[in-house]
Amino acid sequence: MFEVLTGTGLAASAGLNAYIPLLTMGLLARFTGAIDLPSGWAWLANGWTLTILAILLAIEVVADKVPVVDHLNDAVQTFVRPTAGGLAFGAGSTAETVTVTDPGSFFSSHQWVPIVAGAVIALAVHGVKAASRPVVNATTAGVGAPVASTAEDISSVVMSIVAIVLPVLVLIGLGVLIWATFWVFRKRRQKKAAVETRQLFG
């Protein structure tokens, strides 16, 4: 049960920022005893892997805070974040490996289940994030983009650490994400209604 919560939290974190949960797992595995990665996922703690993830994270952090650029970044991340979510869930829930050397064995042993689950969770969270950003930009004239992005990055870090150290709290994080989903779509409906009203009476 805790392994599933850990994987879910890490995948949700990847939906906000693809690189934070992977980097968090790698750093904690390399420098602390907070997480013990399965042998098939030991590459996450490799020095080169951590360096590449840190560089990609730096690029992501900057790009996501610039209006217009953040939309382009979200479009690219539509493919990256679900992939990262699959990797994070797979590693977090102690799946043996993501490297498929024997496709028949991979599918018959159900190793693909946590990876697909993580990808779906990350894609869902990414979808809410991508849908909320136009609302934030429109209502704040773009000023809110860096604030929203910073909040998302912090949430991703907190969710990643909580998923590893105290996974039961992931349930609270998921509750917040569900609330945020309803808030985003309610704001989008209100914005659409306002535009239609202006067109009708303007």
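The residues of region 24-89 expose, per residue, 50 Å² of accessible area to a 1.4 Å probe. Computed with a 1.4 Å probe on the full set of protein chains, the accessible area for Trp183 sits at about 80 Å².
Accessible surface for Ile59 stands near 100 Å², nearest 10, in the context of the full protein assembly shown (1.4 Å probe).
The values are calculated or read from the model by the stated rules, or taken from the named source; none is laboratory data. In this text, all values refer to a predicted model and were calculated from it rather than measured experimentally. Ligands, DNA and RNA are stripped out before the accessible areas are found, and what is left, the full protein with its side chains, is counted by its heavy atoms. Shrake-Rupley method; radii C 1.70, N 1.55, O 1.52, S 1.80 Å.
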